[in-house]
Structures are given as structure tokens and as C-alpha cells.
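**Q** I'd like to ask some things about the structure below.
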2 protein chains.
Amino acid sequence: MLIAADEMLISRGVRLTPQRLVIAEYLLNTDCHPTAEQVFDAVANALPVQLSKATVYNTLNMLVEAGVIQEVYTEPGGCARYDANTMRHHHFVDTSTGRIYDIPFEQVPTLEKSLDGKYKVKNYTVTFYGDRAEDS
Amino acid sequence: MLIAADEMLISRGVRLTPQRLVIAEYLLNTDCHPTAEQVFDAVANALPVQLSKATVYNTLNMLVEAGVIQEVYTEPGGCARYDANTMRHHHFVDTSTGRIYDIPFEQVPTLEKSLDGKYKVKNYTVTFYGDRAEDS
DNA sequence: GACTGCTTTAGACTAACTCTAAATTTATCC
DNA sequence: GGATAAATTTAGAGTTAGTCTAAAGCAGTC
Ligand SMILES: [Mn+2]
Ligand SMILES: [Mn+2]
Ligand SMILES: [Zn+2]
Ligand SMILES: [Zn+2]
């Protein structure tokens, strides 16, 4: 069953528009970490009007601000990807397929405390690269 | 004392040109992880000729290929930074100054083994964000 | 129905590169 | 040293992933 985007947006104080609804609905129901371009392609023809790229970017930035999604960068020098998994988690990039998998935060030892007192760590990112077996 | 860029380049089979020499010399003697723009600004007037941005980018890519430097991305969506520290290491970004510090690899617990058998980890990156005290 | 304040749109603009084609430099051979 | 060939550099055009702008569309309020 689909996660209800309308309730999610309303609960975060975001005004509903058809554009916002389809974009949020798409993101809330995929785990494929799409780019802005991929979001545009996926939702454009679910709308009766011509969708603008500016609206896609504006909406994605809005959803990030509202805490509905996260912006993630997994490829050095690559473009932003969008992720409705807002739990703190890590990423694994399958370097042969390009697919991105979520790695639960608890599955990896915590690193905050590994730096000495000189560094006050507020946040950190871990991205793994390699091959994932059983790629179904 | 300065690290000798000419020997380093020759030993890697890179042809010497004045442009390559000043760029490599600059990078081998700083730990500030400069952007291409900053490299350009730092070396441009050490040369008797007009330096082209294309040469800076070409040379940086060359030095990466030759293993003399590393390209690192520490800010989400930000541009490439160049790093003559080619040891495997982590980065700490001071979010108030933007300065980037090297964190020795051994100072942080190894993460290769933390993922289950489904994932064959070939590489991973860890970037810390926060404040560094004693910022001299 | 007018006023107000979002929201959306097309397209101009930007930053960080990459590519191209011509000019310059460097290396090789005599 | 001079001819030739190959590599390098250069200015500027092109590209990609965005952001910004200004006008048009819509929604909620009086
Ligand atoms: Mn952004
Ligand atoms: Mn590159
Ligand atoms: Zn994710
Ligand atoms: Zn470094």
C-alpha cells in the first residue's frame, strides 16, 4: 500500500498542490534514490499541465526544508539524489549497477567518539562502494 | 623545506612543464585542500605566461591519474578539492570556517567488515562535520 | 468579484567543469 | 642549430545541474 503523501505534507505544514503531491508520492514510495531529472521524468505525465523543471527543484528543496526527504550525494562530483528515508542511515553504492542501497545506522559502528577532543563531531557521512550480491 | 615537485613528477612519468611544476609544487606543499579556482589563483602569477583554466583542470586531472594527488568532495553538492595526501585517510570539515582537516585512517575504526556478506565493500569514505577547537 | 499572497512556468543565468581548434612548446633526429 | 613531429597550452565555446527572474495562474479572504 502507498504511503499517503497528502497527510504527510499537511502534517508538515506544506500546502498541497498537484505538483507537490505527485512528487512527494513518488518519493515516498520508492527506495531508488532518484535524481531531480528522474523525478521529473517519473511524474511529468501524471499531471494534466506542463511540469517545469524549476517546480521540481523548488519542490525538492521545499521537501528537504520540511524534513520530508533528504538530499544525498553518493558519487564524487555527481548530482543530488533524493531520499524519503529520513532516518539517519548510510549508503552502499553498487559500483557495477550504480544502484544505491540504504544501510541502517546501527549496522555500522558509531564513529562520533573516535576523534580526539580537538574535534567536536556534530555529524558524519559514510558511503560504501563495492558490489552487492543477490542483486534482485 | 619544500617537497621537490620535479622529482615527484619525473618519477611518475609525467613530463615537466612550467605549468605542471608550479601546480604540483603548490599542492605538494599545502594541506588546505584547495579548489581548482584556488589553485589557479595561487599559481597564476608565478608563471611568465597567461595561465588558462583549462590547463589547471587538465593538470589536476593528470596529477590524479598519475597518483600524485587525490580529488576529494567534502561538501554536499560542492566542487572538487585537491589533496596531495594520497594516504588513505578521512576528512573533518569545520563547519564554521569551512577548513578541511585530514584524519589518519587508523584513528577511526575500520568499517569494511561491518556489512554482512551481501555487500562486498571495496572502498568507503567517511567525512566528519563539526567544529575544531584550537583552530590556530 | 477584487485583493492578496502563494505557486508555477518558461527561459535566462550561473558555476564548475569539459571540449575544440589553433598556437606554442618540447623532444627527436640529422 | 634547424626541420619535423608530438605533446602541451590557450581562449573561448559548450555542457550539466542547477538557481533566479518576471510574468501568468490559482487559492483564500473580504
Ligand atoms: Mn540544494
Ligand atoms: Mn574529474
Ligand atoms: Zn538512503
Ligand atoms: Zn586530505
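**Q** Residue check: is A:Glu25 closer than 30 Å to B:Ala80 by Cβ, more than 12 Å from the chain's Cα centre (by Cα) and within 16 Å of DNA strand C (Cβ to nearest atom)? Give the derivation first.
**A** On the way: closer than 30 Å to B:Ala80 by Cβ: no; more than 12 Å from the chain's Cα centre (by Cα): yes; within 16 Å of DNA strand C (Cβ to nearest atom): yes.
No.
**Q** Among (1) near ligand 3 (Cβ under 10 Å from one of its atoms); (2) open to solvent by 20 Å² or more (accessible area, probe 1.4 Å), where does A:Asp41 come up short?
**A** Only one criterion is unmet by A:Asp41, namely (1).
**Q** Among the residues of the range B:7-20, is any in a loop (DSSP other than H, G, I, E, B) and in contact with a Gly (Cβ under 8 Å, 6 or more places away or on another chain)?
**A** yes
**Q** Further question: Taking the range A:98-115 as the search range and keeping residues that are open to solvent by 70 Å² or more (accessible area, probe 1.4 Å) and farther than 16 Å from B:Lys113 by Cβ, which one is nearest to the chain's Cα centre (by Cα)?
**A** The qualifying residue nearest to the chain's Cα centre (by Cα) is A:Arg99.
**Q** Quick check, is B:Tyr73 open to solvent by 50 Å² or more (accessible area, probe 1.4 Å), within 11 Å of DNA strand D (Cβ to nearest atom) and within 14 Å of the chain's Cα centre (by Cα)?
**A** no
**Q** Something else about it: From B:Val68, B:Val56, which residue is in contact (Cβ under 8 Å) with a residue 24 or more places away in the chain, more than 15 Å from ligand 4 (Cβ to nearest atom) and in contact with a helix residue (DSSP H, G or I) (Cβ under 9 Å, 6 or more places away or on another chain)?
**A** So the residue among B:Val68, B:Val56 that is in contact (Cβ under 8 Å) with a residue 24 or more places away in the chain, more than 15 Å from ligand 4 (Cβ to nearest atom) and in contact with a helix residue (DSSP H, G or I) (Cβ under 9 Å, 6 or more places away or on another chain) is B:Val56.
The values are calculated or read from the model by the stated rules, or taken from the named source; none is laboratory data. What you see is a predicted model, and the numbers here were worked out from it, not measured in a lab. In this analysis, Cβ positions are derived from the backbone assuming ideal geometry, glycine residues included, and neighbour counts consider all displayed protein chains. All accessible areas refer to the heavy atoms of the entire protein, side chains included, with ligands and DNA or RNA removed. Shrake-Rupley method; radii C 1.70, N 1.55, O 1.52, S 1.80 Å.
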